[in-house]
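Shown next, in structure tokens, is the structure this report addresses.
The values are calculated or read from the model by the stated rules, or taken from the named source; none is laboratory data. Remember, predicted model here, so these are calculated numbers, not experimental data. Neighbour counts run over all protein chains shown; Cβ positions are idealised from the backbone, glycine included.
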Amino acid sequence: MTATTDGSTGAATPRAASASRPTESVDRADTTVATSDPREAAAGAMRRSTAYLLSRQDAQGWWKGDLETNVTMDSEDLLLRQFLGIRDEPTTRAAALFIRGEQRDDGTWATFFGGPGELSATIEAYVALRLAGDRPDEAHMAKASAWIRERGGIASARVFTRIWLALFGWWKWDDLPELPPELIYFPHWAPLNIYDFGCWARQTIVPLTIVSAKRPVRPAPFALDELHTDARAANPTKPLAPVGSWDGLFQRLDKALHVYRKVAPRFVRKAAMNSAARWIIERQENDGCWGGIQPPAVYSIIALHLLGYDLDHPVLKAGLASLDRFAVWREDGARMIEACQSPVWDTCLATIALADAGLPADHPQLVKAADWMISEQIVRPGDWSVRRPALTPGGWAFEFHNDNYPDIDDTAEVALALRRVAHPDKARLENAIERGMRWTLGMQSKNGAWAAFDVDNTSPFPNRLPFCDFGEVIDPPSADVTGHVVEMLAVEGKSHDPRTRRGIEWLLAEQEENGAWFGRWGVNYIYGTGSVVPALVTAGLPAAHPAIRRAVKWVESVQNDDGGWGEDLRSYRDRGWVGHGTSSASQTAWALLSLLAAGEGGSRSAERGIAWLVENQRPDGSWDEPYFTGTGFPWDFSINYHLYRQVFPLTALGRYINGEPFAKGPAAHPVKGG
């Protein structure tokens, strides 16, 4: 077992973190010997990065980096296989090797690099290692179980963790929040209908209503008494919140649902479960997965199996096969599970980076990337059409296969990427961009901004449910997505369109008092600001605009002493961490993108940031980045996109050398030799 390389236990201060570096040695390009000219050094780094990124493209035209999350993915994969009776020794051994390697010195597992130990992740990892044969009295296991007991044991874990334990009798179903399958019948206008939930939560909750109704228990291979603070009374009763509060209301609603379970007409419940099953099957993708993400696939397989679908049924067979495609096998024999895969996102960002670095717009690899992206455009309705039934499809999803849930962020960035490519079939490219733009405009929420997947997905009720303690379950508009959309619309000549202006007005109103913007899908204020400033400038706001100047001042104020930028995930919960953390390649690039867009490319701050990228580049043109700078759910679910460390620094270097790509409109984009 190994600890995180910075040895963090979660007790460091923001300023201390900004000065720390990983202890492993990292080879870097020696640019200081070759040249003393900063721009020449940056150009050299850009060329090396360009060559590296081109070498990583798949023959079909796409890029995809590993998407690293935390060990709950790996633990739940083993628990699923145990539940279905298909766990095998090679898979178990490889998963256990990865899980052990992620354990920290204090015996815990974190949900992001350098973060504090997390109770539910530690419980699930511990149970998975028990399945793999690790004994409770082994030092690393005893340390983990002691830490778990000190923090309240299993009773203090999140609901999802206790559901997994209930599947094996390690927790009582009666002591879990009720989730009735009759939810599937709620009309679209009713509070708490399934479309009030974000698409990721919706895809998970529908199958879990079947699991909750069935309450299966498979024989446990061992006891878990060592994880309870009191094995005889594992679930201390929690006092109810005041009856006049929202929490009190939903707690009492849950109690009523427990009573309803006992009196629910059997034919109604059976019909509801069958309706939920049809809903699930209708949304299975061509590759067998659901929504292109691992958790809904796992719960959908369990739910359908409980309804009598055997493992050789085509639906389950395809679903199980899809889960194997989430596995990343490492050279040491360890097996890591990705929560999802990001080829469309990675490909559009790589295309933007290469084009902004001066690769010719008709370069064969850019044309191939454009071909692949155009082929991935979604031209059929999905769940989004419940709220927009008359809207013509035309978006892009994040993953290889996810036609039900295209997202607005990917669509905006794909359009920006395609606009940079001189495709031989110009009509085909223009048609794809136009269709994507029209779909995006149709997905604008009533406040003028854009969310990731849905329109006006802002109900306050889903987050109140006792069941929903696993992170964000709604999809409200965010500054980073809205910024990307505004940038795309501006590039497409719609800066003065009333819909674009409403988006701009929303962004200006959302600026924080300190000058930054909140980052919903990336960490955090550095990402939000790096997304919004280029958008506003591209849309016509002058660099002298007060909002731009406040943003520049903030970015410069949080620059680290080493010249880079970083922001720890704890900024989502603790304002003291806002803008503070160890310098990272992707976050340094985001800060630079805001400064460069604001006309600050010649500033001391920007020059120091560029120098940090140059000095920390590896000889092969890549960067190392153990830090998690992507966000699934703020704080609750974090992501290390392994390609972020490559595409964003290259984009920043390219704009530093070549200027802003659309400073004088789309036709002014530089087309230079690589």
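On inspection, Pro466 does not qualify as out of contact with any Lys or Arg (no Cβ under 7 Å at 6 or more places or on another chain), over 19 Å from Asp410 (Cβ atoms) and surrounded by fewer than 17 Cβ atoms within 10 Å (Cβ to Cβ).
Figure legend. Inter-residue proximity from the range 144-172: first residues under 14 Å from Trp109 (Cβ atoms), second residues outside any helix (DSSP H, G or I) and β-branched (Val, Ile, Thr), beta-carbon distance below 7 Å, spacing 6+ or different chains. Indicated pairs: Ala144/Thr108; Trp147/Thr108. For the residues Gly530, Gly563, the requirement of being surrounded by 24 or more Cβ atoms within 10 Å (Cβ to Cβ), among the small types (Gly, Ala, Ser) and at pLDDT 95 or above singles out Gly530. Screening Val328 with (1) surrounded by fewer than 19 Cβ atoms within 10 Å (Cβ to Cβ); (2) touching a helix residue (DSSP H, G or I) at 6+ places or on another chain (Cβ under 7 Å); (3) outside any helix (DSSP H, G or I) gives one miss only, at (2).
Answer yes or no as to whether Leu593 is closer than 28 Å to Asp475 by Cα and not in a loop (DSSP other than H, G, I, E, B). In short, yes. Scanning the range 620-641 finds no residues that are of a type outside the set (Ser, Thr, Tyr) and part of a helix (DSSP H, G or I).
Residue count for the range 405-433 under the criterion of being over 26 Å from Asn286 (Cα atoms), among the charged types (D, E, K, R) and part of a helix (DSSP H, G or I): the result is 2. Candidates in the range 272-292 are the residues that are more than 23 Å from the chain's Cα centre (by Cα) and more than 15 Å from Gly308 (Cβ to Cβ); of these, the one that is surrounded by the most Cβ atoms within 10 Å (Cβ to Cβ) is Ala272. Within the range 185-223, being surrounded by fewer than 21 Cβ atoms within 10 Å (Cβ to Cβ) and touching a Phe, Trp or Tyr at 6+ places or on another chain (Cβ under 6 Å) holds for His188, Pro191, Leu192, Asn193, Arg215, Arg218, Ala220.
Results for (1) surrounded by fewer than 16 Cβ atoms within 10 Å (Cβ to Cβ); (2) assigned to a helix (DSSP H, G or I); (3) at pLDDT below 95, shown as yes or no for each residue.
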residue: Leu304; (1), (2), (3): no, yes, no
residue: Leu311; (1), (2), (3): yes, no, no
residue: Leu316; (1), (2), (3): no, yes, no
residue: Ala350; (1), (2), (3): no, yes, no
residue: Ala355; (1), (2), (3): no, yes, no
residue: Gly358; (1), (2), (3): no, no, no
residue: Asp362; (1), (2), (3): yes, no, no
residue: Leu366; (1), (2), (3): no, yes, no
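For beta carbons closer than 7 Å, sequence separation of 6+ or different chains, a first residue in the range 311-331 that is more than 22 Å from Asp74 (Cβ to Cβ) and a second that is assigned to a helix (DSSP H, G or I), the qualifying pairs are Val315/Ile281; Val315/Leu304.
In the range 111-159, what residues are in contact with a Gly (Cβ under 7 Å, 6 or more places away or on another chain), farther than 25 Å from Glu625 by Cα and of a type outside the set (A, V, I, L, M)? The answer is His140, Lys143, Trp147. In the range 510-554, of all residues being of a type in the set (Gly, Ala, Ser), touching a helix residue (DSSP H, G or I) at 6+ places or on another chain (Cβ under 8 Å) and assigned to a loop (DSSP other than H, G, I, E, B), the one that is farthest from Ser478 (Cα to Cα) corresponds to Ala543. Checking each residue in the range 533-560 for being polar (S, T, N, Q) and buried (at least 21 other Cβ atoms within 10 Å of the Cβ) picks out Thr538, Gln559, Asn560. Residue pairs whose Cβ atoms lie under 6 Å apart, sitting 6 or more positions apart in sequence or on different chains, and linking a residue in the range 75-104 that is closer than 25 Å to Pro216 by Cβ and in contact (Cβ under 8 Å) with a residue 24 or more places away in the chain to a partner that is crowded, with 20+ Cβ neighbours inside 10 Å and among the aromatic types (Phe, Trp, Tyr), are Leu79/Trp164. All but one of (1) polar (S, T, N, Q); (2) surrounded by 20 or more Cβ atoms within 10 Å (Cβ to Cβ); (3) over 29 Å from Glu567 (Cα atoms) hold for Thr482; which doesn't? So Thr482 meets the others, but not (3).
Taking the stated definitions as given, is Asp568 surrounded by fewer than 24 Cβ atoms within 10 Å (Cβ to Cβ) and closer than 18 Å to Phe628 by Cα? Explain how you work it out, then say what you get.
Working: surrounded by fewer than 24 Cβ atoms within 10 Å (Cβ to Cβ): no; closer than 18 Å to Phe628 by Cα: yes.
Taking the combined requirement at face value, the residue does not satisfy it.
Of all residues assigned to the range 643-660, at least one qualifies as being at pLDDT below 90 and more than 30 Å from Pro116 (Cβ to Cβ).
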